[in-house]
Amino acid sequence: MSLLAFVRHNPRPLLFGALHSFYSAPGQTYVIGLFVAAIAATLGIGSAEIGAVYLAATLTSAATLILVGHWIDHIRLVHFSAAVVLGLVLACFVTALARGPLTLFVAFYLLRLTGQGLMMHVETTATARTFSAERGRALSITALGTPLSEIVFPPLVIAGIAAIGWQATYVGMGTIALLIIFPLTQWLLRTFKRAPPGMTKPEGARRKVIAGLAMLLRSRYVLTILPTLAIFPFHMTGIMFHITTIAAEKGWSAGVIAASFPVIAITSVAGLFLSGHLIDRITARRLLPFVYMPMLTGIALMAYFDTFWALPMGFALMGFGGGMSRTTMTAIWAEVFGVASLGAIRSAAVMFMVFMSGLSPFVIGLAFDSGLSVSTILWALAIVGSVFLVPALTTTRSTPKPS
């Protein structure tokens, strides 16, 4: 089936997933970061304090995700999706009402849990369950919501903050989620003819969650590839968080930074479609060791060159690798463990990766404070990442069969 025919044959489940990935933006770093300066000015707190609050909120949301993410395995998707979208609405409104570090922590926590965590959780888990033979292709299509949001949200947010202020802008995003995203996703789900595979009865849910988590933790394959799984969240988040510091030392202007961000979105689309095609042909397990190579190459390029084109070129490679990683990771859990406990398994995996994404700004910040140069830090990231690819290269065959 051609790509166009595939989309025309499955428009509603694909749109449902894409809407969730698209409107995860209010809780994503690339959107929240645009508000930091305005929030600091309004609340009278420094950038370092906001960074500490953000780190604490991200780590707390990661710990919470494993407690709530597994419910997608045993309650109706229409109810789970409704709770997540309405939770994101609440998060946007709470953010607009933040008046100090404590309320800002609550706001960031809710944004990261519902937006960055659960909206993406719904998209990937629901899509992986709905599609089997062409799961990779479906995931690559629903994941297009993320690069689209990376193109759409930043200019609109910047314009909104300038025109109506940061509080009203977050109220606006919450209102759109309430009046458009919520009813639309509910309508799309009402058309599903049957429950997704693996749906459990409430009385058996606890046993299934415990069994799913135990399966994950005792898997030698999972434990072996943990270093590989850390590469993308640690490297990408750390570089994005410190991009102004990196650019300043390299001599890259603000204009070059602004022009480079859309490149990530564009190349990630190519990575999404290529990985979806390859997953359906060679499996996600065999593809995993190779999806991070473009990103590590981009980081090495940024470490070696100081010329202006190194930033957009590096971002292009990072975006391409990120797009490949986005589809591959969800498909791996479905391939290795099946879909019966996919929500519980993916929640634990995402918790680990969110933890790494929250840790990286702090670790890389310590490296900057110790006096290391930008090039040295980037080279270290590229080399360590390359070493962390080795476990995945040696474990493509030693994996359990799906349950």
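The values are calculated or read from the model by the stated rules, or taken from the named source; none is laboratory data. Worth saying up front: this structure is predicted, and the values here are computed from it rather than measured. Heads up, the Cβs are rebuilt from the backbone with ideal geometry, glycines too, and the neighbour counts pull from every protein chain shown.
Does at least one position in the stretch 187-198 carry a residue that is among the hydrophobic types (A, V, I, L, M, F, W, C), at pLDDT below 80 and over 25 Å from Ala25 (Cα atoms)?
First pass over the stretch 187-198, keeping only residues among the hydrophobic types (A, V, I, L, M, F, W, C): 187-189, 192, 195.
Imposing the further condition that a residue be at pLDDT below 80 reduces the set to 192, 195.
Filter once more, keeping what is over 25 Å from Ala25 (Cα atoms): 192, 195.
The answer is yes; a qualifying residue exists.
Whether any residue in the stretch 168-178 is modelled with pLDDT under 95, surrounded by fewer than 22 Cβ atoms within 10 Å (Cβ to Cβ) and of a type outside the set (S, T, N, Q) is what I want to check. No. Applying a threshold of 7 Å to beta carbon distances and a minimum spacing of six or more residues, or different chains, the list of pairs starting in the stretch 377-398 at a residue that is at pLDDT below 95 and ending at one that is loosely packed, with under 14 Cβ neighbours inside 10 Å and part of a helix (DSSP H, G or I) reads Ser398/Arg220. May I ask you to say which residue of Thr125, Thr95 is modelled with pLDDT under 90 and either touching a Cys at 6+ places or on another chain (Cβ under 8 Å) or of a type in the set (Ser, Thr, Tyr) (or both)? Answer to the selection: Thr125. Thr237 falls short of the stated requirement of being farther than 25 Å from Gln28 by Cβ, touching a Ser or Thr at 6+ places or on another chain (Cβ under 8 Å), of a type outside the set (A, V, I, L, M, F, W, C) and in a helix (DSSP H, G or I).
A count restricted to the stretch 239-261 and to residues that are within 23 Å of Thr328 (Cβ to Cβ) and modelled with pLDDT of 80 or more stands at 1.
Quick grid of which residues meet (1) over 30 Å from His277 (Cβ atoms); (2) in contact with a Phe, Trp or Tyr (Cβ under 6 Å, 6 or more places away or on another chain); (3) at pLDDT 80 or above:
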position: Leu14; (1), (2), (3): no, no, yes
position: Ser24; (1), (2), (3): no, no, yes
position: Ala38; (1), (2), (3): yes, yes, yes
position: Ile50; (1), (2), (3): yes, no, no
position: Thr58; (1), (2), (3): yes, no, yes
position: Thr64; (1), (2), (3): yes, no, yes
position: Ile72; (1), (2), (3): no, yes, yes
position: Ile75; (1), (2), (3): yes, no, yes
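Once the stretch 359-376 is narrowed to residues that are crowded, with 21+ Cβ neighbours inside 10 Å and at pLDDT 75 or above, the residue that is nearest to Gly69 (Cα to Cα) is Ser360.
Just need a number here: residues in the stretch 274-304 that are among the small types (Gly, Ala, Ser) and surrounded by 24 or more Cβ atoms within 10 Å (Cβ to Cβ).
The total comes to 4.
The residue pairs whose first member lies in the stretch 247-261 and is free of Cβ contacts under 8 Å to residues at least 60 places away in the same chain and exposed (fewer than 12 other Cβ atoms within 10 Å of the Cβ), whose second member is part of a helix (DSSP H, G or I) and of a type in the set (S, T, N, Q), and whose beta carbons are closer than 7 Å, counting only pairs six or more residues apart or on different chains, do not exist in this structure. Of the residues making up the stretch 132-167, just one is polar (S, T, N, Q), under 20 Å from Met318 (Cα atoms) and modelled with pLDDT under 85, namely Ser140. Among the residues of the stretch 307-321 satisfying the criterion of being farther than 15 Å from Phe273 by Cα and in contact (Cβ under 8 Å) with a residue 60 or more places away in the chain, which is surrounded by the fewest Cβ atoms within 10 Å (Cβ to Cβ)? Restricting to residues being farther than 15 Å from Phe273 by Cα and in contact (Cβ under 8 Å) with a residue 60 or more places away in the chain, the top hit is Ala310.
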